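This report concerns only the one structure given below.
We did not get these values from a lab; they are worked out from the coordinates using the rules stated. Remember, it's a predicted structure, so these values are computed and weren't measured experimentally. Counting neighbours? That spans all protein chains shown, and the Cβs are built from the backbone with ideal geometry, glycine included.
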Amino acid sequence: MASVDAQRGGVQGAHRGGGTDTAWHPDPPESGQREQPGPLRIWFPLLLALCWMLGTFAVFWLSDLDQRVPNKTQLCVFVFSATGLFAFGYAVQAWRCKPDRFLSVAPTEFTRARKLLFVGVGYHVAVSAVAMATLGATGPTSVWSNVRDPANAYFDKLDAYEQGVGQGNGTLTLLALLGVCGTMLAPLLVVYWHRLSWPVRTVGLLGLAFHATYYLFVGTLKGLGDVAVMLGAGLLVVAVTARRRPGTRRGRLLALAAMIAVAFTAYMVFSQAARSTVSGTSDMVRASPTVASVAGPHVANGVAAVVFYPTHGYLGLAHNLQVPFEWSRGLGSAPAATILAEQQFGADASAHPSYPKRTENATGWPAQLYWATIYPWLASDLTFPGAALFMGLVGWFFARVWLEATLARRVLPLLIFAQLWIVIAYLPANNQIGMSPESVSGMITLLALYLCRSRPARRAA
């Protein structure tokens, strides 16, 4: 059943003269200046990604969930293999990095990038307003009521989906197909922040605030997490390309990134604690007695849920690894694409279910209630060995767009880089990009624009 979230999207971001592929840099070098990338610029994203991927896996083993793993050796071999191939793919691209490939820096086309920022603002305002109205928002009072009560807001949203609210909404469907614009606002606002006037900055912040308001209205963490990750990706790019007093600027950027992470985590604790009050907690989520004695059982449940959220998917992965492969005919990797195929082309997904769905039937691990990492979704069409090899390709491409964004200084690789960070951030949970049509269409559009760039642009990048 398609949901309102699954129909949210954006406005097409292609423009004449190369689309979103504009050159940029927060501190442009002098004309003809050659720039040599240091180790930090080349390898830092890989280090961060590995810390997250291996860190969540380590936390999983430190929890009591490890006692439920039926195939510990198989799980470890697969996770380390997939992670190692991701790192290998990144290293192959980084090792072949020749600075001369990235030194053809075009003049900054700031006006075009600013237009894309305004398009992104318009997208967020339009799609959020339509989605909230569809789910029954009548004004600021009703919105604020839901924001204060995220648990009931979340369960009200689920009830609305079960009743088919928003299904077949033509406006939401159209916006979902134009979802590429949802990738623009957050990273562009961060990267161009110091060059934007205060009125433009204010408009950009209001666009993000409106977007966040929708997800607060429905008590859902997905969109908030996506925005936080894209902001973080933009901050990372600015941090390593800072030229003027880099130590001071990087310190401020680090503080800002920490504030974003703390704010998101705090809301996550609040939201999960509220849900536990309404619906109780899973038997797999066990609050720490120490936290409960200090902050109370309500907060302890929220903290336990936050720790459980990005780590329990490895237990789901272990169950999926036990199930034999059956090809899902291209319908298993991305749930949003499956919904689109069913609604628009009459495909029967039940005839060729995804790996998580077949695992639910075989082992009882609920595909819709708990996570299983990104790997079973990829394995639905690629097999598990194929999914591990695919991570090598992801690592290779991750390094490529990072180097293009920071050395060739182009907007399109920047936007793809931010989307790949969403893939990595949610890797211990699910295939986040494939969970909603606007994310799928947005990523497909970005990749199509990347592949269709003119030959000179590819050579320069």
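What net charge is computed for the residues neighbouring Ala425, neighbours being all others with C-beta under 12 Å from the C-beta of Ala425, Lys and Arg scored +1, Asp and Glu -1?
0
What full-extension length gain, to one decimal in nm, is calculated for Val77 and Leu158 as 0.36 nm per residue of separation minus the Cα-Cα distance?
Difference between extended and current length: 25.4 nm.
What percent of all Cα-Cα pairs in segment 338-441 falls into each 5 Å bin, going from 0 up to the bin containing the maximum distance?
The distribution over segment 338-441 is 3, 11, 16, 21, 19, 14, 9, 4, 2, 1, given as percents.
In what order do Phe345, Phe60 fall by count of nearby beta-carbon atoms within 10 Å, going from fewest to most?
Fewest-to-most ranking of Phe345, Phe60: Phe345, Phe60.
Quick one: putting +1 on the C-beta of Lys and Arg, -1 on the C-beta of Asp and Glu, what dipole do you get for segment 299-396 around its Cα centre, in Debye to the nearest 20?
Around 120 debye, computed over segment 299-396.
Taking 56 Å as R0, compute the FRET efficiency from the Cβ-Cβ separation of Asp149 and Arg96 and round it to 0.05.
The pair Asp149/Arg96 has a calculated efficiency of 0.60.
On alpha carbon coordinates alone, what is the Rg over Rh value for segment 112-190, Rh being the Kirkwood radius?
That ratio is 1.04, to two decimals.
Let me know the charge dipole size of segment 377-461 about its Cα centre in debye, to the nearest 20, where only the beta-carbon of Lys, Arg (+1) and Asp, Glu (-1) is charged.
Dipole size: approximately 540 debye.
Using r as the Cβ-Cβ distance of Phe118 and Lys222, and R0 as 30 Å, what FRET efficiency do you calculate, to the nearest 0.05?
0.75
Tell me, what is the FRET efficiency for Trp193 and Phe88 to the nearest 0.05, using R0 = 25 angstrom and their Cβ-Cβ distance as r?
0.10
Determine, for each peptide in 430-440, 361-371, 214-224, the mean count of other beta carbons within 10 angstrom over its residues, then list the peptides with the highest first.
Descending packing order for the listed peptides: 430-440, 214-224, 361-371.
Once the dipole of segment 303-461 is set up with Lys and Arg at +1 and Asp and Glu at -1 on Cβ about the Cα centre, which of Tyr355, Leu321, Ala399 lies farthest towards its positive end?
Ala399
Give me the one-decimal nm value for the distance between modelled label points at Asp66 and Trp327, 7 Å along each residue's Cα-to-Cβ direction.
Distance between label points: 3.9 nm.
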